[in-house]
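Each value in this text was obtained by applying a stated rule to the coordinates, not by laboratory testing. Source: prediction; values computed, not measured. All Cβ positions, glycine included, derive from the backbone under ideal geometry; neighbour counts span all protein chains shown.
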Amino acid sequence: MKELKPVYRGDDFALEIHIRNQSTQQPMDITDWRFDSTMKLSPEQPDEPILNSQGQRIVLSVTSIAAGDEAEQGIVLLKFESQDTVKLIATTYQIDVQAVVSDAVQTVFAGSIKILADVTHKGA
């Protein structure tokens, strides 16, 4: 488990994942692999997006398909957009990333990320 750098609620941010061969440590071509990332307050919550009664985001999920030169070098970028992060609660979320290849699922990252309250938050 790794703790990611904190981000401000309402900011765009990206999570860059590098996939390497375990034996050789060489980058793997991950073209067309699907990557799913989920942030949630508790690992016991379902993966589907959830808002609480105040409209705050309890669960946030994003998906990316690896493509282009980056994918050939084993790199995928998962983008979290400001319109989604603006509703996050200023607290620590659990986060993971799973690679899905030919219906096989493998967790490639697990950790936590602290969401910081932003000064300009207007309760979006």
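Looking only at residues in the range 79-97 that are within 25 Å of Asp32 (Cα to Cα) and touching a Gly at 6+ places or on another chain (Cβ under 8 Å), which one is surrounded by the most Cβ atoms within 10 Å (Cβ to Cβ)? Only one residue fits best here, namely Ile95.
Looking at the range 104-122, which of its residues are touching a residue at least 12 places away in the same chain (Cβ under 8 Å), over 15 Å from Thr38 (Cβ atoms) and among the small types (Gly, Ala, Ser)? The answer is Ala117, and nothing else. Identify, from the list Val59, Val100, Val105, the residue that is β-branched (Val, Ile, Thr), exposed (fewer than 12 other Cβ atoms within 10 Å of the Cβ) and farther than 17 Å from His18 by Cβ. Val105 is the lone residue from the list that is β-branched (Val, Ile, Thr), exposed (fewer than 12 other Cβ atoms within 10 Å of the Cβ) and farther than 17 Å from His18 by Cβ.
Being out of contact with any Cys (no Cβ under 9 Å at 6 or more places or on another chain) and exposed (fewer than 13 other Cβ atoms within 10 Å of the Cβ) is a property that Val119 has.
The strands (runs of 3 or more DSSP E) falling completely within the range 1-103 that include 1 or more residues that are of a type in the set (A, V, I, L, M, F, W, C) and without any contact (Cβ under 8 Å) to a residue 60 or more places away in the chain map to 57-65, 75-80. Filtered by the rule that a residue be within 25 Å of Gln54 (Cβ to Cβ), of a type in the set (S, T, N, Q) and under 13 Å from the mean Cα position of the chain (by Cα), the range 83-124 gives Thr85, Gln94, Ser112. Among residues that are within 18 Å of Lys114 (Cβ to Cβ) and surrounded by 12 or more Cβ atoms within 10 Å (Cβ to Cβ), Ser37 is included.
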